[in-house]
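Only one structure is covered here, and it is reproduced in the block below.
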């Protein structure tokens with residue numbers, strides 16, 4: 001390991017932990033709702049045993065609510081599974097529109113805690129990039145995390161992707177309401193630079209335009225094994 | 001005794017309120033700290049049951065705000081995770097016995113509410 005990989009490794013674990021904690025919190029909430037609805041069914045049954053007539057419409061609504069929470073849990077677990085498998089390969093083809101949508105879904109609860117929303121405009125034609133899937137997710141997370149941290153509540157962060165023959169770009173705009181003590185030196189920092197070096201691109205924070213732009217090669221040809229310089 | 005339940009999961013908090021009503025507890029609910037403060041301005045409550053992690057105003061901050069304005073009120077915290085940090089803060093703010101981990105056991109919550117009520121001299 002060199003210092004660059006040390007940063008990437010430890011930051012990658014933090015990213016994994018943060019997303020897993022958020023997902024498990026969501027699952028806990030789903031379980032709590034199912035628990036209460038099942039409990040309510042139990043309450044109705046107890047009341048029926050005491051002679052209170054059962055309201056079939058109400059029972060149907062309760063069953064619908066439980067089914068809807070089960071579907072919600074299923075979506076959460078599917079996303080969790082997709083995220084877990086993003087570490088399987090060190091190099092793979094990633095479609096940027098799908099990736100941006102996926103990252104906003106993973107970060108949605110954390111954004112909601114800060115009263116922020118996301119919008120993604122998928123490119124008209126799929127943009128495929130050959131890269132390290134997990135490291136790119138990690139880099140997008142750094143950008144979202146930074147954007148959420150410095151953007152005031154009630155705002156929308158807008159994600160788009162664009163491409164030419166050689167390069168692709170990811171833009172996160174709508175970054176407003178900077179903290180008073182904000183320093184433009186914060187981003188990109190050491191961890192972002194380490195990752196972007198491995199991914200073969202660069203990250204720019206355009207403070208006046210309120211946006212972050214990631215530029216990445218379509219194929220990581222220069223760094224075939226996606227290892228940092230010097231490895 | 002009037003109880004205000006505050007949790008950003010509407011399905012959870014509304015069902016909890018209904019189940020408490022079956023147990024003889026007059027419970028109202030809201031899904032945010034802001035709404036809770038608005039309700040408190042117009043209605044008198046004795047106990048607030050708060051989720052620790054909520055958007056904008058978290059449960060701990062909300063408890064402190066409510067305490068300042070309504071010092072008679074008592075609190076029970078709910079959390080999705082029994083993390084050590086949450087437990088430490090929640091216990092300090094409300095007392096360890098008034099810190100519940102989701103899914104909440106309705107009978108335990110009812111018992112805690114009645115316990116507070118009896119300590120308060122039978123609030124009605």
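Summary table
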| quantity | calculated |
| --- | --- |
| Simple spin-label estimate for residue B:37 and residue A:47 in nanometres, 7 Å along Cα-Cβ | 3.5 |
| Gyration tensor verdict on chain A (Cα atoms; rounded if a/c is under 1.5, prolate if a/b is larger than b/c, oblate otherwise) | prolate |
| Mean residue ellipticity (222 nm) of chain A, computed from DSSP H runs ≥ 4 via -39,500 (n - 2.57), nearest 500 | -19000 deg cm²/dmol |
| Rounded to 5, percent antiparallel among DSSP beta bridges of segment A:92-217 | 80 |
| Cβ-derived FRET efficiency at R0 30 Å, residue B:68 paired with residue B:119, nearest 0.05 | 0.90 |
| Shape of segment A:3-85, Cα gyration tensor, a/c cut at 1.5 | prolate |
| Peptide A:36-43, shielding by other chains (average Cβ, 10 Å cutoff) | 6 |
| Helix-derived mean residue ellipticity, 222 nm - over chain B, DSSP H n ≥ 4, -39500 (n - 2.57), to 500 | -14500 deg cm²/dmol |
| FRET efficiency, 1/(1 + (r/R0)^6) with R0 45 Å, evaluated for residue B:97 and residue A:13 via beta carbons | 0.80 |
| Relative contact order (percent, whole number), chain B, Cα cutoff 8 Å, 6+ residue spacing | 24 |
| Degrees separating the helix A:56-85 axis from the principal Cα axis of chain A, which is the longest one | 20 |
| Chain A: angle of helix A:3-49 to the longest principal axis, Cα-based, in degrees nearest 10 | 10 |
| Over chain A, relative contact order from alpha-carbon pairs under 8 Å, at least 6 apart, % | 19 |
| Cα gyration tensor shape for chain B, rounded if a/c is under 1.5, else prolate or oblate | rounded |
| Percentage relative contact order, segment A:3-85, counting C-alpha pairs under 8 Å, at least six apart | 40 |
| Between helix A:190-199 and chain A: long-axis angle, C-alpha atoms, 0 to 90°, nearest 10 | 80 |
| Partner chain coverage, peptide B:2-12 - average Cβ within 10 angstrom | 3 |
| Per-residue mean of C-beta atoms belonging to partner chains within 10 Å, peptide B:46-58 | 2 |
| Antiparallel bridges, percent of DSSP beta bridges restricted to the protein assembly as shown (to nearest 5) | 50 |
| FRET efficiency, residue B:26 to residue A:60 (Cβ-Cβ, R0 22 Å, nearest 0.05) | 0.20 |
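All of the numbers you see were taken from the coordinates with simple rules; none came from a lab. Computed from a predicted model, the values in this text were never measured in an experiment. Don't worry about glycine lacking a Cβ; one is built from the backbone with ideal geometry, like all the others, and counts go over all protein chains shown.
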